[in-house]
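One structure is given here, and the rest of the page talks about it.
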Amino acid sequence: MHRINFDEILYAQGLRDYVLLHFDSSKIPDNEGTNGYSLPTKSFVRIHKSYIVAISKVEQIHKDYIVVNNTIIPIGEYYREDFLRQILNS
């Protein structure tokens, strides 16, 4: 069991049977998925079917991807418009 501070999460990566939470220097697998908690919608946004990112941690925005902690994360076409709207309003 881990105590998680939402402010420390960079992004959540959905994998086959679990979610991998990424932090500055570590990763924590969550076998429960996101059913056990919900990320605050004002701070996090889904950008791809497999990724939810912390808006404040986005370093760069490109047409098809963003950069968080020097990691390239794809932006899904279906999620692009909502992502851009939310990031511009934050």
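If I go through region 45-88 residue by residue, how many of them are without any contact (Cβ under 8 Å) to a residue 24 or more places away in the chain and within 13 Å of Q13 (Cα to Cα)? Adding up the residues that qualify gives 1. For region 9-24, the tally of residues that are more than 12 Å from F44 (Cα to Cα) and surrounded by 10 or more Cβ atoms within 10 Å (Cβ to Cβ) stands at 9. Contact annotation: residue pairs with Cβ atoms under 9 Å, 6 or more positions apart or on different chains, pairing a residue in region 6-33 that is of a type in the set (S, T, N, Q) with a partner that is in a strand (DSSP E or B) and surrounded by fewer than 13 Cβ atoms within 10 Å (Cβ to Cβ), are Q13/K27.
Bear in mind that the values in this text are calculations on the coordinates, not laboratory data. Small disclaimer: the values here were computed from a predicted structure and weren't measured. Methodologically, a virtual Cβ is constructed for each residue, glycine included, from the backbone with ideal geometry; neighbour enumeration extends over all protein chains shown.
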